[in-house]
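In what follows, a single structure is set out as structure tokens and then discussed.
The values are calculated or read from the model by the stated rules, or taken from the named source; none is laboratory data. The structure displayed is predicted, hence computed values, not measured ones. With ideal geometry, Cβ positions are generated from the backbone for all residues, glycine too; neighbour counts draw on all protein chains shown. Please note that ligands, DNA and RNA were not included when accessible areas were found on the heavy atoms of the full protein model with its side chains. Shrake-Rupley method; radii C 1.70, N 1.55, O 1.52, S 1.80 Å.
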Amino acid sequence: MRPTETETIEASAHDARTDPTTPVRPVVVALSGHAPPGTLRRIPPAGLTFGRGLPLFGGAPPEDGRMSRTHARIERTGSTWTARDCDSRNGTWLNGHRLFDPTRLADGDVLRCGDTVVVFGHVVDSGPAVHGMAGVSPAFVEARNGLFAVAAHDRTVLLLGETGTGKEVAAKALHAASGRTGPFVAVNCASLSPQLLESTLFGHRKGAFTGATDARPGLVRSAAGGTLLLDEVGELPLDLQGRLLRMLETRTVRPVGGTRELPVDVRVVSATNRDLVAAVRDQRFRSDLYARIAQWVVKLPPLRTRRIDLPVLVRTLLADLGTPHRRLDPELATTWALHSWPLNVRGLRNALATATIASPTGLLRATAPVLTALDAERALVAPPEPTHAPPPAELSAADLRDALRTARGKVATAARALGRSRQQVYRLIQAHGLVLDDFRG
């Protein structure tokens, strides 16, 4: 049997995991529509046509009643790829705006044809998640290959990345690939006081301090034969940095209140979202300790720079949440694809959990709780912009119906006509109990 385009790229992606020289390939990745989220389709050299009755991801053609028979095209123009609308009935949308003229595509661009939403980009890998690490973007695969390259070597590893980029997941993947038979143990260095952190890491003898009614081995010895993750390692006090350095150099540890050094066999992986080089310059972090923990450095890219990974992560996280067969409404898919995700993968997981509760059956939709969660995430990382304009007047259900009817159910168009944001219009639709499909024709 001849493989489909989708099957072909899956096979080539498997080879890419072992061959970092595999070239990147232009693809579209499904986020909403007929195919499950994360399904990839390689774009042939002759281009790719979107249309009702045309198989997009292999198998049966998309059952998208809002897609025209010849809806849109992605085609090569010189060394770049261009998207154009083919006089479709409902229009083609690029990054939330209607596409009128042929437009050059960039990695991470979001294309909507009818109710089918895809993300365009270049990939080097489309295989399944490896040890929980899911992604197909070149930046992500480079980081993942870096982890697996060092896994079998006795080197300390430093994981860098913003909050929520998956540093603990990466550390667990490194441990799983290392072949070490001991446990994986993690400690957040910012969550404990300096007094507790010392005994937590290195253990203590009975009676070493008030409350030490029993002897404890500490996390370093508890991870014997395995891997110890020091999360937020940049928060370690300077005196504990010295003790950690000695442990790494001598491969021994002395419990609090103890008199002799005990041998340890543990691999140390450190993680931080801070600039440790700047901390060394400011004398807040020891340069000799930095040299010890950074024998191999892997930087995990933020989600906003690898939007092509979003559909793959949606598929993986839905499976983790126990709802592997759920699909996204096109409005929600577009909103999420264009969100900046300041909390990265952790924020996406929270949003998916909220969506599965707010939409218990059918498609996951852009309901008020989901949009409120996205607004809250933005507020966590940036203060709200000051405004001197008076609050908008209340909008009646009749006015909202008129605007949606004129816009034929297109929320962005209705929002512009009403002088509201898309999020506000979504909330009003929810509050008035309206259904967008009633206004589409």
Query raised in the report: in a strand (DSSP E or B) and open to solvent by 40 Å² or more (accessible area, probe 1.4 Å): does that describe Arg52?
Result: no
**Report entry** Qualifying position, being of a type outside the set (D, E, K, R), modelled with pLDDT of 85 or more, in contact with a Cys (Cβ under 6 Å, 6 or more places away or on another chain) and more than 30 Å from Val24 (Cα to Cα), among Val233, Val185
**Finding:** Val233
**Report entry** Residue list for region 252-267, restricted to those being among the basic types (Lys, Arg) and either modelled with pLDDT under 85 or surrounded by fewer than 17 Cβ atoms within 10 Å (Cβ to Cβ) (or both)
**Finding:** Arg254, Arg260
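A quick yes/no check of all residues on (1) open to solvent by less than 20 Å² (accessible area, probe 1.4 Å); (2) farther than 21 Å from Ala177 by Cα; (3) within 32 Å of the chain's Cα centre (by Cα):
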position: Ala223; (1), (2), (3): yes, no, yes
position: Met247; (1), (2), (3): yes, yes, no
position: Thr250; (1), (2), (3): no, yes, no
position: Val269; (1), (2), (3): yes, no, yes
position: Asp275; (1), (2), (3): no, yes, yes
position: Arg284; (1), (2), (3): no, yes, yes
position: Leu332; (1), (2), (3): yes, yes, yes
Report task. State whether one or more residues within region 205-215 are at pLDDT 85 or above and in contact with a strand residue (DSSP E or B) (Cβ under 9 Å, 6 or more places away or on another chain). Result -> no
**Report entry** Odd one out for Ala373, checked against (1) open to solvent by less than 10 Å² (accessible area, probe 1.4 Å); (2) more than 14 Å from the chain's Cα centre (by Cα); (3) of a type in the set (A, V, I, L, M, F, W, C)
**Finding:** (1)
Report task. Only residues that are out of contact with any helix residue (DSSP H, G or I) (no Cβ under 8 Å at 6 or more places or on another chain) and surrounded by 22 or more Cβ atoms within 10 Å (Cβ to Cβ): list them for region 334-356, please. Result -> Thr334
Query raised in the report: Scanning for something hydroxyl-bearing (Ser, Thr, Tyr) and crowded, with 19+ Cβ neighbours inside 10 Å, does region 420-430 turn up at least one residue?
Result: yes
Report task. Look at region 431-441 and say how many of its residues are open to solvent by 70 Å² or more (accessible area, probe 1.4 Å) and within 13 Å of Glu331 (Cα to Cα). Result -> 2
Report summary line: Scanning region 289-342 residue by residue, those of a type outside the set (D, E, K, R), closer than 22 Å to Trp93 by Cβ and part of a loop (DSSP other than H, G, I, E, B) turn out to be Leu338, His339, Ser340, Trp341
Query raised in the report: Which residues, taken from region 161-176, are open to solvent by less than 40 Å² (accessible area, probe 1.4 Å) and either assigned to a helix (DSSP H, G or I) or closer than 14 Å to Val297 by Cα (or both)?
Result: Gly161, Lys167, Ala170, Ala171, Ala173, Leu174, His175
Query raised in the report: Out of curiosity, is Arg326 under 11 Å from the mean Cα position of the chain (by Cα) and at negative phi?
Result: no
Query - Residues being buried (at least 21 other Cβ atoms within 10 Å of the Cβ), in contact with a helix residue (DSSP H, G or I) (Cβ under 8 Å, 6 or more places away or on another chain) and not in a loop (DSSP other than H, G, I, E, B) - total across region 22-40 - result: 6
**Report entry** Residue count, region 78-97 (criterion: open to solvent by 40 Å² or more (accessible area, probe 1.4 Å) and touching a residue at least 40 places away in the same chain (Cβ under 8 Å))
**Finding:** 2
Query - Positions within region 353-400 being part of a loop (DSSP other than H, G, I, E, B), modelled with pLDDT of 85 or more and at negative phi, in sequence order - result: Ser359, Pro360, Thr361, Leu363, Arg365, Ala366, Thr367
Query - Test: Val141 is open to solvent by less than 10 Å² (accessible area, probe 1.4 Å) and within 26 Å of Arg416 (Cα to Cα) - result: no
Report summary line: Expected output for region 125-149 (first residue within 22 Å of Arg42 (Cβ to Cβ) and modelled with pLDDT of 90 or more, partner among the aromatic types (Phe, Trp, Tyr) and open to solvent by less than 30 Å² (accessible area, probe 1.4 Å), Cβ below 7 Å, 6+ apart or cross-chain) is none
Report summary line: Quick count over region 261-288, residues being within 18 Å of Ser222 (Cα to Cα) and either assigned to a loop (DSSP other than H, G, I, E, B) or among the hydrophobic types (A, V, I, L, M, F, W, C) (or both), is 7
Query raised in the report: What is the residue count in region 407-423 for residues that are assigned to a helix (DSSP H, G or I) and either in contact with a helix residue (DSSP H, G or I) (Cβ under 7 Å, 6 or more places away or on another chain) or not polar (S, T, N, Q) (or both)?
Result: 9
Query raised in the report: Which of the residues spanning region 59-70 are open to solvent by less than 30 Å² (accessible area, probe 1.4 Å) and at pLDDT below 90?
Result: Pro62, Asp64
